[in-house]
Structures are given as structure tokens and as C-alpha cells.
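Chemist: Structure provided below as C-alpha cells; questions to follow.
The numbers here are math on the coordinates, done by the rules we state, and not lab data. Because the structure is predicted, anything quoted here is derived from the model rather than measured. No Cβ is skipped: glycine too gets one built from the backbone with ideal geometry, and neighbour counts run over all protein chains shown.
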Amino acid sequence: VLWSHLCCIYLSFFSGCRGEENVRQPTEDVMVVEGHPTTLTCLFDTSQSPYLFWYKQLANGKPIFMLRRDAFSPGESSTEFKDRFDAHLNVSGKSVPLTIQRVQLSDSAVYYCEPYNIL
Ligand SMILES: *[C@@H]1O[C@H](CO)[C@@H](O)[C@H](O)[C@H]1NC(C)=O
């Protein structure tokens, strides 16, 4: 068995400089074994209206809209991210964790959440 093929995939959080103080992503790098699930955390300030967007960004690429969650509707997910990606807005916990099922090599990217639509 070539373990290097099974382990590991890095998922990074955006870690600053977007000038956004209303959102916190406490973990910066997550290492995941291919095929396993993982959860990325996003905490938000309760004073903000709870519309949260998750984006995926590849190296030197534009952010890609993944999904939006809010307290007033089921939200929406981009077609590409309907299958293995999901997020649940937790208003009392002030979080909108992103879960990824069956992590693949192509998931290796920077993921970040924003309280508004940046695209
Ligand atoms: C929401 O977050 C709170 C605080 O972290 C937690 O105790 C609670 O279980 C969460 N609720 C759901 C539905 O995940």
C-alpha cells in the first residue's frame, strides 16, 4: 500500500487580510485523509444579519461560490457543491460549519466564509 496516496489532503482556511472582522475561522490548516469527511468552522458575530456564504478558492484562482445559508430560507447551493458539501447555520451557536463528505484530492483548496456575497 502506498500510504502517500491515501494521506493526506490539506484544506486551508483563509487566514486574514480580507478586512472582515465579523467572521472568524479559528483553524487554519486541516489535514484530511482522502475519502473521509471533515468539517470546517466559521463563527460569526451575532450583531450581523445571519447571511453566510462559503467560497472555495484554488491557488491563483477566483473565489468560487459554494453555498449560502441564512435564518429565513433553506439557502442555496451551487450545483457543483450540492452533492458532498453542506452547511447548517446555527444561530444560537453563531456558527455555520461546512461539512465535506468523502474528501477528494480536488477538494484541496482554501475555503472561507463571508457574511455577504463578494462575487
Ligand atoms: C449550536 O451551537 C451550540 C454552541 O456551540 C451547540 O451547543 C449546539 O449543539 C449547536 N446546535 C446545533 C443544531 O448544531
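Chemist: Given Pro74, Pro37, Pro115, Pro50, which one is surrounded by 13 or more Cβ atoms within 10 Å (Cβ to Cβ) and either of a type in the set (Val, Ile, Thr) or away from the ligand (no atom under 14 Å from the Cβ) (or both)? Even if it seems obvious, please write down each step before you answer.
Modeler: Values: Pro74 fails: surrounded by 13 or more Cβ atoms within 10 Å (Cβ to Cβ); Pro37 fails: surrounded by 13 or more Cβ atoms within 10 Å (Cβ to Cβ); Pro50 fails: either of a type in the set (Val, Ile, Thr) or away from the ligand (no atom under 14 Å from the Cβ) (or both).
Just a single option satisfies the conditions, and that option is Pro115.
Chemist: Taking into account only those residues within region 88-119 that are small (Gly, Ala, Ser) and within 14 Å of the chain's Cα centre (by Cα), which is farthest from Ala71 (Cα to Cα)?
Modeler: Start the filter on region 88-119 by keeping residues that are small (Gly, Ala, Ser), which leaves 92-93, 95, 106, 108-109.
Narrowing the set further to residues that are within 14 Å of the chain's Cα centre (by Cα) leaves 95, 108-109.
Working: Ser95: 12, Ser108: 29, Ala109: 27 Å.
Across region 88-119, the extreme among qualifying residues is Ser108.
Chemist: Here is a follow-up. Does region 95-107 hold any residues that are out of contact with any helix residue (DSSP H, G or I) (no Cβ under 8 Å at 6 or more places or on another chain) and crowded, with 16+ Cβ neighbours inside 10 Å, and which are they?
Modeler: Looking only at region 95-107, we keep the residues that are out of contact with any helix residue (DSSP H, G or I) (no Cβ under 8 Å at 6 or more places or on another chain), and these are 95-99, 101-107.
Of everything in region 95-107, those that are out of contact with any helix residue (DSSP H, G or I) (no Cβ under 8 Å at 6 or more places or on another chain) and crowded, with 16+ Cβ neighbours inside 10 Å turn out to be Ser95, Val96, Pro97, Leu98, Val103, Asp107.
Chemist: Same structure, new question: Which condition breaks for Lys82 when tested against (1) closer than 12 Å to Arg68 by Cα; (2) more than 15 Å from the ligand (Cβ to nearest atom); (3) surrounded by 13 or more Cβ atoms within 10 Å (Cβ to Cβ)?
Modeler: Going through (1) closer than 12 Å to Arg68 by Cα; (2) more than 15 Å from the ligand (Cβ to nearest atom); (3) surrounded by 13 or more Cβ atoms within 10 Å (Cβ to Cβ) one by one, Lys82 breaks only (3).
Chemist: Within region 64-119, which residues are of a type in the set (Lys, Arg) and without any contact (Cβ under 8 Å) to a residue 40 or more places away in the chain?
Modeler: Residues satisfying the conditions are Arg69, Lys82, Arg84.
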